[in-house]
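The values are calculated or read from the model by the stated rules, or taken from the named source; none is laboratory data. Bear in mind the structure is a predicted one, so any value in this text is a computation, not a measurement. Cβ: placed from backbone, ideal geometry, glycine included. Neighbour counts: every protein chain shown.
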Amino acid sequence: MKNLDYEQLGALVVSIQKGNKAAFEKLYRLTYESQYFMALQIMEDPYLAEDVIQDVYIKLLISVDTIRKPGMRSLTSIG
């Protein structure tokens, strides 16, 4: 998420909440790499890291409507 500020992230989440599939694709493209490498450091297995990240993005789609103040803190607390 090098070039993604929290305001942009929040705007993408709001767009996803409105059903914008392109916004989810953009959020995924912008965040996947950093999230994958974070999971890889923790899991120490590339296949498990991919599974974890896949689960995270699915959970985001399922619970996106519960995010009230979109931003990084909201996204990191999805659980």
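The number of residues in region 17-55 being under 22 Å from I67 (Cα atoms) and charged (D, E, K, R) comes to 6.
Would you confirm whether or not region 7-25 contains a residue that is hydroxyl-bearing (S, T, Y), in contact (Cβ under 8 Å) with a residue 40 or more places away in the chain and assigned to a helix (DSSP H, G or I)? There is no residue in region 7-25 that is hydroxyl-bearing (S, T, Y), in contact (Cβ under 8 Å) with a residue 40 or more places away in the chain and assigned to a helix (DSSP H, G or I).
Report whether or not V14 is over 11 Å from the mean Cα position of the chain (by Cα), closer than 18 Å to K69 by Cα and among the hydrophobic types (A, V, I, L, M, F, W, C).
yes
Quick one: in region 51-69, which of the residues that are within 19 Å of S34 (Cα to Cα) and surrounded by 15 or more Cβ atoms within 10 Å (Cβ to Cβ) is modelled with the lowest pLDDT? The selected residue is L60. Considering region 25-59 alone, what residues qualify as being within 20 Å of D5 (Cα to Cα) and over 11 Å from the mean Cα position of the chain (by Cα)? Residues satisfying the conditions are F37, M38.
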